[in-house]
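Each value in this text was obtained by applying a stated rule to the coordinates, not by laboratory testing. All values reported here derive from a predicted model rather than from experimental measurement. A quick note on method: Cβ atoms are made from the backbone with ideal geometry, for glycine too, and the neighbour counts reach across all protein chains shown.
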Amino acid sequence: MKETILLIEDDRIMRISLEDALKGVGYDVMSFETGAAALNVFRNTSFDLAITDVRLPDMDGFDIVKEITDLNDSPVIMMTAYGTIKDAVEAMKLGAFDYITKPFALDEFMLLVSRALDMKKLREENIRLKKDLNRCYAAPNIVGESSGMKKVFSLIEKVSATDSTVLILGESGTGKELVATTIHYQSTRKDKPLIKINCAALPEGLVESELFGHERGAFTGAIKRRPGRFELAHGGTIFLDEIGDLPLQAQSKLLRVLQEKTIERVGGTGSIRVDVRLITATNKDLEEEVKAGRFREDLFYRLNVIPLNIPPLRERKEDIPSLLEVFMDKFRTRLSRKVRFSKEAGDLLLAYDYPGNVRELENIIERCVTLSTTDVINKNELPSLMIGDSSLKLGSLSLSDVAADAEKGHITRVLQTTQGNRTKAAELLGISRKNLWEKMHAYRIE
Ligand SMILES: Nc1ncnc2c1ncn2[C@@H]1O[C@H](COP(=O)(O)OP(=O)(O)OP(=O)(O)O)[C@@H](O)[C@H]1O
Ligand SMILES: [Mg+2]
């Protein structure tokens, strides 16, 4: 497809020579002698690039830039014989793509034209990709028919339209992250970033620099200035997962950010304005944490503006059939398998209590679909826990089950001796805090 260029230049010789050069490499060119003539056409025609002289007989080139950038996304190149920095700055401020000073070499001009057109193409592609992405993620598939989930859906609907701070509460695996994601993609911030951070998995000493960024030399190892996640989320949403695990010092900084809507980089002096919607989640009882002195009360009230409670799956078993369907579809497609559960197995799936909630259900389905050798998954292919202890024979436990069990026991004991202090426990176990958190999560150690 030929690209269309609008050329506005009052000098006849200049106009004709530029027009010829542009046509010579295959562009469609519409050229005009006055600003008024060009504006008339551009309001009714679409074009890919405008090139305009700054000084025209009837109007100022800057006015043309203003009109074009108001109504149109196409880049504008300014040409001027009065190549002052002031003109350049003014043109760029108004949204011009670039600026070229007369007299210029034709090569230089043509290069600028192709750069401007490339930029336009990239920008359009970017918009298209974002739209596609949104189509994939905009409405993450979140299902449920229970009255508990209906309440969740209606709250999601209500808060999506606002900028209110939301605190998502629920046991592990109930869908807290999914709900946070849904809120973001249903809000007006959906085209802006959604930044997710797991507060429990951040190394304790780096929490503040992760969240708020740091200046060069702020601490050993800060070789370069780095923006924090809050800055990266500007205009969008920040999701602080496991907020109950945020160290106290970072809690007071976060409180200040919420009050003042500005952040300060670690080691920085100035404050930076950020426009961010905050969503937090935890499976801890934050009120308990407040009583125990581990969580700031004032921060708790700030975060708890709109509490959104996701009930555990065992209290809404009527959601299991549709969840089963969603996950069966997902893994059947992903693994290109055509399997289903036997009647007996299906009944067990519907009756089970799922201490690990939806995530556990999802994992069970994935495992069954992956491991099944026939088209029907039988009762005895389900995890031994679901079938009941009576069938738990020595031979039915694999080595990895036994190892995992021992690991879980050991971590639990070490955590007891450190009175829940994870940094100390990680040290004793010889693993990182993040690794410890992942294991606690996997084994559901509270
Ligand atoms: N109502 C639902 N419909 C469809 N999928 C769901 C639903 N709830 C949860 N899931 C799926 O279950 C899995 C666990 O959900 P998610 O990670 O959001 O839970 P969580 O509460 O953040 O868990 P954790 O506390 O363990 O971090 C995800 O794969 C999610 O897509
Ligand atoms: Mg989560």
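So what is the 222 nm mean residue ellipticity for the chain from helices alone, if each DSSP H run of at least 4 adds -39500 (n - 2.57) and you divide by all residues, rounding to the nearest 500 deg cm²/dmol? Intermediate values should be presented prior to the final figure.
On the way: 19 runs with 216 residues, N = 446.
That calculation yields -15000 deg cm²/dmol at 222 nm.
For region 1-70, the set of trypsin sites (Lys or Arg not before Pro) satisfying both a DSSP loop assignment and a count of at most 13 other C-beta atoms within 10 Å is given as K2, R43. When its C-alpha radius of gyration is set against 2.2 N^0.38 Å (N residues), region 25-113 gives a value of 1.02. Evaluated with a Cβ-only charge set (Lys, Arg +1; Asp, Glu -1), region 15-83 carries a dipole of roughly 80 debye about its Cα centre, given to the nearest 20. Taking other C-beta atoms within 10 Å as the exposure proxy, H184, H410 rank H410, H184 from fewest upward.
Candidate cross-link partners of K190 among the aspartates and glutamates, defined by an alpha-carbon separation under 15 Å and a same-chain spacing of 8 or more, comprise D132, E157, D163, D275.
Annotation: the residues I364, I272, sorted from fewest to most other C-beta atoms within 10 Å of their own C-beta, follow the order I272, I364. Among R367, R229, R265, which one shows the highest mean-square fluctuation when the chain is modelled as a Gaussian network with alpha-carbon springs under 10 Å? Checking each option, the largest mean-square fluctuation is seen for R367.
Averaging the sequence gap over all C-alpha pairs within less than 8 Å and six or more residues apart, then dividing by the number of residues, gives region 320-389 a relative contact order of 42 percent.
The mean sequence distance of close C-alpha pairs (under 8 Å, at least 6 residues apart), as a share of the length of the chain, puts its relative contact order at 12 percent. Could you sort out which of K150/K261; K196/K253; K176/K330 sit more than 22 Å apart by Cα distance in this structure? Violating the 22 Å Cα-Cα cut-off are K150/K261.
Pairs over the 26 Å Cα-Cα cut-off, from the set K66/K120; K66/K121; K338/K408: K338/K408.
Residue order for L258, L129, fewest other beta carbons within 10 angstrom first, comes to L129, L258.
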